[in-house]
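*Asks:* This is the structure I want to talk about, given as structure tokens.
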Amino acid sequence: MKAGEPVLEFRLIERIRELTAQPRDDVRLGIGDDAALLAVPAGKELAVAIDTLVEGVHFPRGTAAADIGWKALAVNLSDLAAMGASPAWALLALTLPTADPAFVEGFAAGFAQLAQPHRLALVGGDTTRGPLCISVAVHGFVPPGKALTRAGASVGDAVLVTGTLGDAAAGLNALQQPRRDDDPHARARDFLIARLNRPLPRLAAGTALRAQASACIDISDGLLADLGHICHASGVGAEIDAALLPRSPALLQLHDDATALHFALSGGDDYELCFSVPTHRLADVQADLARLGCGVTRIGRIVEGSGVRVRGHDGAWLPTDRQGWEHFA
């Protein structure tokens, strides 16, 4: 580390602590020592998740620092949402190529903007020099035996998703195209880019699904890939109808149906929830999530067998060779 960089390390952690300060009784000792001391409340289980974002892999070079800070936390909170857990604490490890106070301030602001409404406290962190890379570990609570998992889907269950699908992949596509000053679709383009840069973790939906869903996952690598994980863990198959997939007006404005369908099936980074529900609970689930305002759509069913099949508009099965994002493909 160069002279002055330890000062940046302490300033970063201190600045995020200032912005995310939460009066949590379960934080017995937070930032400032060699380790945090945390108390899990009685009658709760601890859910822990960690994700790493690498520049040029998980977000494009040139992404605003505040958007990186938001997304670094959002992708982890989405994992807690998929488990039905309520967030409590976070750890942050940030690798920076150079000491950049402006980036630090922007990153801290974006991180804190998402942390504050969820009462999430940053309880420790580390910085070092290297290619831009962020790792966040989050901790949350769930009642004993109530966590949602990928296992548990049964033949006959309905398959549902929150929100709309394919927006983030379309947002990345939009960033890769030259921008025109007279673009008539600028508003739709900006909406899709915002969906890529600032995903909304469905924490309230995950909590509502604790006693209702039989299996759940967040859509990070694409619907086909992530629903496939539920199928594998549950020992079942799934059939979904292309015509039922929820797609935003912005996505349909910029792309034809075939391209929009491709993004919805295989595009990653949406961080919506995909879950299965016994049919006798379907109406209650739809009503509960409608009250939360996140939107929910039934897209298919759990069947015997394995893997995911997609029925096209004409009733024929579509080829699904490209399942979604693979880190080492």
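*Asks:* Go through segment 238-254 and report how many residues are of a type outside the set (Gly, Ala, Ser) and either in contact with a Leu (Cβ under 6 Å, 6 or more places away or on another chain) or under 16 Å from GLY222 (Cβ atoms) (or both).
*Replies:* Counting residues in segment 238-254 that are of a type outside the set (Gly, Ala, Ser) and either in contact with a Leu (Cβ under 6 Å, 6 or more places away or on another chain) or under 16 Å from GLY222 (Cβ atoms) (or both) gives 5.
*Asks:* Which condition number in (1) at positive phi; (2) touching an Asp or Glu at 6+ places or on another chain (Cβ under 7 Å) is the one that GLY222 fails?
*Replies:* Status for GLY222: all satisfied but (2).
*Asks:* State the number of residues belonging to segment 17-54 that are over 29 Å from GLY106 (Cβ atoms) and without any contact (Cβ under 8 Å) to a residue 60 or more places away in the chain.
*Replies:* 5
*Asks:* Please work out which residue is surrounded by the most Cβ atoms within 10 Å (Cβ to Cβ), limiting yourself to segment 9-66 and to residues that are more than 30 Å from GLY145 (Cα to Cα), among the β-branched types (Val, Ile, Thr) and at pLDDT 90 or above.
*Replies:* Among them, the one singled out is THR63.
The values are calculated or read from the model by the stated rules, or taken from the named source; none is laboratory data. What you are looking at is a predicted structure, and each value in this text was computed from that prediction instead of being measured. Note that we place each Cβ from the backbone using ideal geometry, even for glycine, and neighbour counts take in every protein chain shown.
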